[in-house]
Every structure is written in structure tokens, then in C-alpha cells.
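The values are calculated or read from the model by the stated rules, or taken from the named source; none is laboratory data. No experiment lies behind these values; they were computed from the predicted model shown. Note that we place each Cβ from the backbone using ideal geometry, even for glycine, and neighbour counts take in every protein chain shown. Only protein heavy atoms, including side chains, enter the accessible area calculation; ligands, DNA and RNA are left aside. Shrake-Rupley method; radii C 1.70, N 1.55, O 1.52, S 1.80 Å.
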Amino acid sequence: MAEATAAIHGEHEETSTGLNNRKLLMWAFLGSDCMFFGTLIATYVVYQGKSLKGPFPIDVFNIPITSVSTFVLLMSSMSMVLAYAALRQGNVKSFRIWIFSTAFLGMTFLGFQVFEFRDFVHEGLTLKTNLFGTTFFTLTGLHGAHVTLGVIWLLSLGFHSFKGGITPDKHLDVDLAALYWHFVDVVWIIIFTVVYLFGVFPGIN
Amino acid sequence: MAQESGTEAQGAAVHSGHPTPFTYFKVAMTLSIITAVEVGIFYIEDLGKGIIPILVVLSAAKFALVAMFYMHLRYDSRIFTGMFVGGIALAISVTLAILGLFQFFV
Amino acid sequence: MTSISLPIPKRPVHPTGVWSWITTVDHKRIGILYGVTAFIMFITGGLEAMYIRAQLARPAQDLVSPEVYNQLFTMHGTTMIFLAIMPMGAAFFNYIIPLQLGARDVAFPRLNAFSYWTFLAGAVMLNLSWVLGGAPNAGWFGYAPLTSSAFNPGDGIDFWILSLQILGIASLAAAFNFVVTIINMRAPGMLLMRMPLFTWMTLITSLLLILAFPVITVALIQLLFDRQFGTNFFVPAAGASPVLWQHLFWIFGHPEVYILILPAMGIVSEIIPTFSKKPIFGYPVVVLSGVIIAFMGWMVWSHHMFTVGLGPVANSVFALTTMAIAVPTGVKIFNWIATMWRGSIEFKTAMLFAVGFIWLFIIGGLSGVMHSSAASDAQQQDTYFVVAHLHYVLFGGSIMALLGGIYYWFPKITGRLMNETVGKINFWLVFIAMNITFFPMHFSGLNGMPRRIYTYDSGMGWDLWNAVSSAGAFMLGAGILLFLYNVIKSARSGEVASADPWDGRTLEWSISSPPPEYNFEQIPTVHGRDPFWAQKYGGVAMVPVAGGSGEDGGHSIHMPQPSYWPIVASIGIFIGGFGVLYINAASWIGVGVAVIGSLITMIAVYAWSLEPVNDPDDGAAH
């Protein structure tokens, strides 16, 4: 019959591969989004060190603070995964706590971003100032937009669960949001290294 | 596709192929430690350009941990891995090609 | 159950009339919508071409001003590629793929509808530019810094950017849908290597789409930001490199041309075996060559930039990769010819177009190989030689195959055959006119005539070629009108078609013409390639899935229901797009409109996600 490549969890869909259509869609989307961020990062790196005037990364970046926000986002991935696990075990209350925690940590990350951006603007770095401002704000801004959409998605799921809208059999809905959320986290991992750490480490540029 | 051999790492998993919350916590701790190491190494200024491969490896490790455990790729169909890795591989290749064309590696 | 009560209207239940088309999620209807719209856009792009050829028919004419001329060739190119060829391909993906797979619809029917309405939004927006301040005028690839607000202060380029972004969303939505559909909704027994070749090429094209479009999405965002927000992505004064635009555009642009040709090759790979009464020669090789073309298509982009000054190393590398990619392309040609060899060939109109495709695509391919040498390309770049090449592969290639596909699948879609006599005249008229139009461009190009010039002096050695081209263009216009006549006349009063008028090989010919709403009363089980042929002549019956719904004449088959949300989401994007477009000019009003548009889309998406695929208490009898 059909070539079944069923996930180990024992889920088997009535599809050619045994995989769920929406999950396949989400992974295809994430593969596609890699190209989106790849292009933005490539643009950033091509222009790294080429600004004709400051401020430059070393003038504005605060690695300790950004490390904290990076840590916050990483922890949000953990709470996301715990939310999913709780739902699968039938604990909707626990799911709710963890998913709202994830959204909260995400909003905290965004809060850090907002403060950071305002700081930079005060120090004279805007979208228009130089190549660094242009590429930095566009890359991190679009990432932040992805995070924002993710937060809205998570909050929706959380509120939906109040009226019994999220039950253990609907775990896929949460799984899809979780995949998106983790992706947004891994993109930040790359941005943190390439933009922040490489940006100010002496001897690189 | 044959069952992945990751099941032996599951310990007290309720369903086979599902990591436990404890596994997730361990991954989270590992991610935090790697981040701390990255930031720590960052202050060793003598490394010069040598820091690049170190940070790349560390970041790749974090990326892989999140992908394999949090995004379940380790336990799921290889089709998902293929789609994701395909996108990543293409993005990296094209990025490196662009950088080469802009004499980044000269 | 919803936790937030929105005033969600009741699910639409219109079976007929305009509203049934507006809310449809049926892949067959969506395919027809795409096809009709794409054809109207093809005519539009053709009219733009007629203006161009009229202007160039003789030296030193001024039928149009240089400014309008620039808009004409920009819109002609953009329209033909994004509003005609790609959507025409999408029309076939939509109508035919589920039928070839043995499926009842695509994986995400509402997403499918959304991709059509969003395409329409992009098409309307782009064409509104003609009357809202001027169409874009910087060529279909919009090189920086010509597209910067410094050199291009009007709204034309902003229309170009936003329309392409909207069209990109539509294409991506469709591509994601087809990737999942083809991977996951095949009939039992239809392994990937048993799929029809058109389906294979669609899968490869869709994978290319989802990987290539994000690149141009970013490039267009960057250009938009430069124009609207004063960023520096392509501003030389800030130290930026306009060449980066070229790289990003062509990293998308080269896979894009394979997106344009692979579906056409898929159609040809269906027509030729059918009318040769032989299976395709070397099926695995044809599949593999498609995969290799898609893979290598990422490695050749800078052959569009040989004269930019990338240096001898870059030029040599890209020259070699470009020469290499000719190999898998050429392989397909041999496969098609070998299929015909010793076949029982019947030259119906569809077959004429398919064979014509092979001939014309070879010519286009040869001029392409001439371009692959960076040295000779230095002579040919930006001349009419390139125009000749691209029209041979895009018209002689894609359009010929699409026209052939229409002749081929028209009976399935409408239940009537297109007129064969008119069809043959149509074919020869188009084939001959196409050559008269585009062949002379090889000569004017090699004689130095640059692209995109609105006029030229007499005595450059170009007069004759241009006159001939223009005559050919008008002949070509007549050929397309004849095609349109055949379509309309045949749809109204053509000979009634059976389910299988061509003695076909694949599953779509096993169901009625046109198919019932649910496509297959019973989903067949497949045991090899060309399953319908195998059933007819090989004694391999396609035993339906046991217990599959449909034993009662289709009455218990539940199809996905119509929905308002896809078109509402598209309308939100359309409005939002206009808002963003006018941010520079209208500041907070622009932002406000953009926000309103986004909210409409977000609400639509939210309601869509809560709406079940099938409403349990729909009341409709199915």
C-alpha cells in the first residue's frame, strides 16, 4: 500500500507518507524562511565593516545585556516545549501556564529589543544613518516581527484554551506553533553570534 | 523508515520516542552553558580571528540541540529533517557564494 | 468552539452563481479562474508588445515617448512572466495535479483559493499603476540605483515592488500547497517514481518556488526601505553596492526561469507519449534531469552579470556551471525524441505544439549556450540577441507548451474538443509568426542593437530586421486571437468530448469530462506508471480502495466547503499593500491604511483557522 513513514509517536495519518499535512506544510515553510533570513544575514555580512561613518557596532552594542535577552529567548523555547508536553499528558492547566510563560518570555525579549533600539537611536544610529544601521535594524526588526507574530499566536492558543478550545487531541495545533517558535529562536542564535559577537570582537573587522 | 535509535535516551518516557521534561530541562541547561561559554570566550581578546570557528561551532551546537530535541527532528520523519536541512544548506551555500563574490574571503 | 465571539457570518453554501465562484475552494474552479485571468493578462502583455513593435517598426519614430516606452517594456516583461506564464502554469497545477494523483482536491483548499485571489490582487495593483501616476519603468529586473527614489521619484517602482511582493505571497501559498499535496495525497500505490511527469515537474517547480521567492522578497523589502524610509541598501554614497541588488535579484531570477520552463517541459512530457502511443523514454532520467536542473539552477545566476566586472574567476566559474546545466536540459530533448521514435504518432494540435516546443526550445537553448561563454556574452549582453534568446525559450518554450496543454486538456476541463482544423491553422500561424518576430533579433543583436531603446537611427543595419520583427509580431497577435476564437467557439459549441478523447495514459482520463466535483467516485489503487493505460491494455485493473467513500454514486463524499475567508484575507493584503505604497507620500494615512489592511487579513486568517474544513451542521446535502 502506501509507503508509510509514520512518526515514532505512533501517529499515522491517512496520507502517502503517514505524516500530517499541516506539519509537512510548517516544515516546508521553515525551510523557506531559512532562505528569507539567510538573505538578510548575507546582506548584513556583506556590508559589515563597510559603513563610511559611525556609529559602529562597537559604539552601541552591549553584549552583556543582549546575552540576557538571548538567554530569555532560549528559556522561552524550553517553556514552549514543556507546554506541549503538558498538553500531551492531558494537563491543560499546566499547558496554559507554560504557554503564557512562553508568550511572556517572548514579550520580555521584545521589550529588550525595544529598549536596545531606543538606546541605539539615542546614540545616533537609525535606519538611515549608515550601512550598519540599515542592515542591523532591518534584520533584527524583521526577526522581531516574526517574534511578535509568534507571541500573538501563542496568546491566541492560550486564550483559546480557556473555553476548552485546546484539548490533548488538538496537540498538533500547539506543535505547529511550537515549531515556529523554536525556529524564531534558532534564527536569533545565529543573529546573536554573527551580528553581535562577531560585530564587536576585536580583530575580526 | 526504521525506528530511530534515539529511544534508549528516553528513560521514563510515557510514549516511546518522546523525550521527558527532564530531557528538555537538560537541553535547556546545555544551551545556557554554551551561551555562557560563548560570552566568556568573547572576552579572551587574544583569539583574534580564531574566535570565528569556535563561535560558529558553538552556535551550530545550540542550533542542532534546539532542532533535534525541541523541534523533535531526532524523533520524527527524515522528510522533515530533509526539508529543514535543505533550506539551511541552500541558505548557507548562497550566503557563502555571495560573500565570495564580494571578496569577503580575500 | 470559539473563545472569542466574532460576528462570523454563516458558512457560504452557494452552489451556483457569482458567489459560488467567489467562495469556491474547488481546485478545478480555481484552476479555471487562474487560467482565464492569466490569459487576459497575456493579452494585456501582448498589447504592450504590440506598442513596442509598432514603435520599433521603423527608425526614428515617436508613436510613444521614451518615458512611456520604458513603462511599456517594463510592464510587458513583468506581466508576461508574473501575470501570464506563472499563473497559466498554476492553472494547470490546480486543475490537473489532483486528477493525476487520484486525489479529490489539494491539501489546503482554502489556501488554494487564497493564492488565486492574492494573485488577482497583485495583477490589479500592478496594472493600476498605468492610471495612478505611471507604470514602473526600470525594466523587469529593476536594477539599482535606477530604481532608487533619487533617480525614480514617482510611484511606478513602488507599484512594482508591492505588486511583486503580493504576487510572491500568492506564488508561495500555491507552491506550499502543491508540495504537500504531491508528497502526501497520492493514490495508494502511486510511488513518487510512478507519478506522471507533469506532476513531477510541478513538485520540483514548487520546491524551487519556496526556496527562491524569499530571496526576492528580501531584495524588494530592501529596495522599498531605500525608497520609503531612506535606508542605504543600494545607495553608493553610503558605501553600498548596487551590484548587491543584481546578485539578490538573479539568485531568485535564475531559479525563476526554471520555474517558468519546468512545468512546460512537464506538459510536453505528457503530450508526446500520449500522441506517440508509447511511454516516455527513460522516465527516471527525465525525472533526474529535472531534479539536476533545479539543483544546478542555483549555481549559475551571475551569468546574467558577466559584464558587471565581477572578475575573471567569478566569470569563469559561472560560465562553466552555465555550460554544465545545458546537459540535463539537452538530455530531456533526447528523451522526447526517443519517445516519438517508432511510436504511432498522431499529429493532433496539442502534439504539434509539443513538437514545435522542442524545435523552438532547442534554438533558444543554443543561443543560451552562446551566452554561457563570458567572452562572447560580453558582445551579446544587453543587446537584442538576449531578447531573441529569452523569447525563444519563453515563447517558443513556455507559451507553446502552455497552448499545447490547453489543446490537450481542454476536453477534460470543458467536456468539448477544440476544433482541430482551426487548431492546426492556429499552430502554424503562431509557429511561423513567432520565428518571423524573434529570429531577426539574433541579427540585430549581434549587429549591436541594444535592448530597451525606444528608437534607433536609420543606417545602423537594423532597419530590415526590426521591420520584419514588427510584421511578425502583428501576425503573432492574429495567431493568438485565432486561438482565443477557437477557445470560445469550442467551449460553446465544440464537439462533445468523451472521458478519454486521446486514448490517454494517466488518471485524469479515467474520469468524466468534465469531472464530477469529487473527481473520483472511488479512489483508484495504482500499480505502476501510466496506470490508466495499464488498465486499458495491460489488464492491470485499478481496484478502488476498499471501503472508500463513494460507492453510492458519490453521495456520501464530503468535499471541503466554500469559504469567505480566503478572499477577505486577499482583500486585506491588497488594501495593506496600497497603504504601504503611499507611506512616503501620505505618511500617517499610508500607515493607517496599511494597518487596517493587515488587521483585515489577520482577522480573516484567525476566522479561517477556527473554521472547520467541513462544517458539520452545514445542512447541505452531499
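No other residue among C:W130, C:W117 is more than 30 Å from A:S16 (Cα to Cα), of a type outside the set (A, V, I, L, M) and open to solvent by 10 Å² or more (accessible area, probe 1.4 Å) apart from C:W130. Right, C:F151: closer than 17 Å to C:L223 by Cβ and in contact with a Pro (Cβ under 7 Å, 6 or more places away or on another chain) or not? Answer is yes for this residue. Of everything listed in (1) within 30 Å of C:S512 (Cα to Cα); (2) modelled with pLDDT of 95 or more, the single unmet condition for C:I157 is (1).
Applying the criterion of at least 2 residues that are under 30 Å from C:A237 (Cα atoms) to the helices (runs of 4 or more DSSP H) found wholly in the stretch A:9-111 leaves A:21-47, A:57-60.
With respect to the stated conditions, A:V147 fails to be assigned to a helix (DSSP H, G or I), among the hydrophobic types (A, V, I, L, M, F, W, C), away from chain C (no Cβ under 13 Å) and without any contact (Cβ under 8 Å) to a residue 40 or more places away in the chain. Does the stretch C:237-250 hold any residues that are within 8 Å of another protein chain (Cβ to nearest Cβ) and either over 26 Å from the mean Cα position of the chain (by Cα) or small (G, A, S) (or both), and which are they? Answer for the stretch C:237-250, where residues must be within 8 Å of another protein chain (Cβ to nearest Cβ) and either over 26 Å from the mean Cα position of the chain (by Cα) or small (G, A, S) (or both): C:A238, C:G239, C:A240, C:S241, C:L244. Selection of the stretch C:196-230 for residues being crowded, with 24+ Cβ neighbours inside 10 Å and assigned to a loop (DSSP other than H, G, I, E, B) yields only C:P196. All of (1) assigned to a helix (DSSP H, G or I); (2) more than 10 Å from every other protein chain (Cβ to nearest Cβ); (3) in contact with a Gly (Cβ under 9 Å, 6 or more places away or on another chain) hold for A:F132 with one exception: (2). For A:V121, the conditions (1) assigned to a helix (DSSP H, G or I); (2) more than 17 Å from A:A178 (Cα to Cα); (3) without any contact (Cβ under 8 Å) to a residue 24 or more places away in the chain; (4) within 12 Å of chain C (Cβ to nearest Cβ) all hold with the exception of (4). Where residues in the stretch B:21-49 are within 8 Å of chain A (Cβ to nearest Cβ) and either farther than 22 Å from A:F71 by Cα or part of a loop (DSSP other than H, G, I, E, B) (or both), which of them is modelled with the lowest pLDDT? Once the filter is applied, the top-ranked residue is B:E45. Here's a check for you: in the stretch A:44-74, which residue that is in contact (Cβ under 8 Å) with a residue 60 or more places away in the chain, within 14 Å of chain C (Cβ to nearest Cβ) and aliphatic (A, V, I, L, M) is least open to solvent (accessible area, probe 1.4 Å)? Residue satisfying both the conditions and the ranking: A:V45. Evaluating C:V124 against the criteria (1) more than 14 Å from chain A (Cβ to nearest Cβ); (2) on the phi < 0 side of the Ramachandran plot; (3) open to solvent by 10 Å² or more (accessible area, probe 1.4 Å); (4) part of a loop (DSSP other than H, G, I, E, B) leaves one unmet condition, (4).
Of the residues making up the stretch C:220-278, those that are among the charged types (D, E, K, R) and free of Cβ contacts under 8 Å to residues at least 60 places away in the same chain number 0. Among the residues examined, C:M449 qualifies as in contact with a strand residue (DSSP E or B) (Cβ under 8 Å, 6 or more places away or on another chain), modelled with pLDDT of 95 or more and crowded, with 19+ Cβ neighbours inside 10 Å. C:P516 meets the conditions (1) more than 20 Å from C:S269 (Cα to Cα); (2) not in a loop (DSSP other than H, G, I, E, B) in every case but one. The failed one is (2). When we screen C:S367, C:S316, C:S289 for residues that are open to solvent by less than 20 Å² (accessible area, probe 1.4 Å) and either farther than 30 Å from C:F532 by Cβ or at pLDDT below 95 (or both), the only hit is C:S367. Residues of the stretch C:193-249 that are aromatic (F, W, Y) and closer than 27 Å to B:L96 by Cβ: C:F213, C:F225, C:F233, C:F234, C:W245, C:F249.
Let's see how each residue does on (1) in contact with an Asp or Glu (Cβ under 8 Å, 6 or more places away or on another chain); (2) at pLDDT 95 or above:
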| residue | (1), (2) |
| --- | --- |
| A:L110 | no, yes |
| A:L139 | no, yes |
| A:S161 | no, no |
| A:F183 | yes, yes |
| A:W188 | no, yes |
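Please work out which one of (1) part of a helix (DSSP H, G or I); (2) within 11 Å of chain A (Cβ to nearest Cβ); (3) surrounded by 24 or more Cβ atoms within 10 Å (Cβ to Cβ) is the condition C:F233 fails and give its number. In the conditions (1) part of a helix (DSSP H, G or I); (2) within 11 Å of chain A (Cβ to nearest Cβ); (3) surrounded by 24 or more Cβ atoms within 10 Å (Cβ to Cβ), C:F233 misses (1) alone.
For every residue, the table says whether it meets (1) away from every other protein chain (no Cβ under 14 Å); (2) closer than 30 Å to C:W245 by Cα; (3) not in a helix (DSSP H, G or I).
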{"site": "C:F295", "(1), (2), (3)": "no, yes, no"}
{"site": "C:T307", "(1), (2), (3)": "yes, yes, yes"}
{"site": "C:V317", "(1), (2), (3)": "no, yes, no"}
{"site": "C:W336", "(1), (2), (3)": "yes, no, no"}
{"site": "C:I345", "(1), (2), (3)": "yes, no, yes"}
{"site": "C:I362", "(1), (2), (3)": "yes, no, no"}
{"site": "C:D377", "(1), (2), (3)": "yes, yes, no"}
{"site": "C:V387", "(1), (2), (3)": "yes, yes, no"}
{"site": "C:Y392", "(1), (2), (3)": "yes, yes, no"}
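Looking only at residues in the stretch A:154-203 that are open to solvent by less than 10 Å² (accessible area, probe 1.4 Å) and hydroxyl-bearing (S, T, Y), the one that is nearest to A:S51 (Cα to Cα) is A:Y196. Tallying residues that are open to solvent by 20 Å² or more (accessible area, probe 1.4 Å), outside any helix (DSSP H, G or I) and over 18 Å from C:S276 (Cα atoms) within the stretch C:483-510 yields 4.
Just give me the residues in the stretch A:15-32 being more than 7 Å from every other protein chain (Cβ to nearest Cβ) and either among the acidic types (D, E) or open to solvent by 10 Å² or more (accessible area, probe 1.4 Å) (or both), in sequence order. If the condition is that a residue be more than 7 Å from every other protein chain (Cβ to nearest Cβ) and either among the acidic types (D, E) or open to solvent by 10 Å² or more (accessible area, probe 1.4 Å) (or both), then A:N20, A:R22, A:K23, A:M26 are the ones that fit.
Within the stretch C:218-236, can one find any residue that is over 20 Å from C:T78 (Cβ atoms) and under 21 Å from the mean Cα position of the chain (by Cα)? No, there is no match, as no residue in the stretch C:218-236 is over 20 Å from C:T78 (Cβ atoms) and under 21 Å from the mean Cα position of the chain (by Cα). For the stretch B:52-103, a residue qualifies if it is open to solvent by less than 30 Å² (accessible area, probe 1.4 Å), in contact (Cβ under 8 Å) with a residue 60 or more places away in the chain and more than 7 Å from chain A (Cβ to nearest Cβ), but none of them does. Look at A:S79 and say whether it is farther than 20 Å from B:L31 by Cα, hydroxyl-bearing (S, T, Y), facing another protein chain (nearest Cβ under 10 Å) and buried (at least 19 other Cβ atoms within 10 Å of the Cβ). No.
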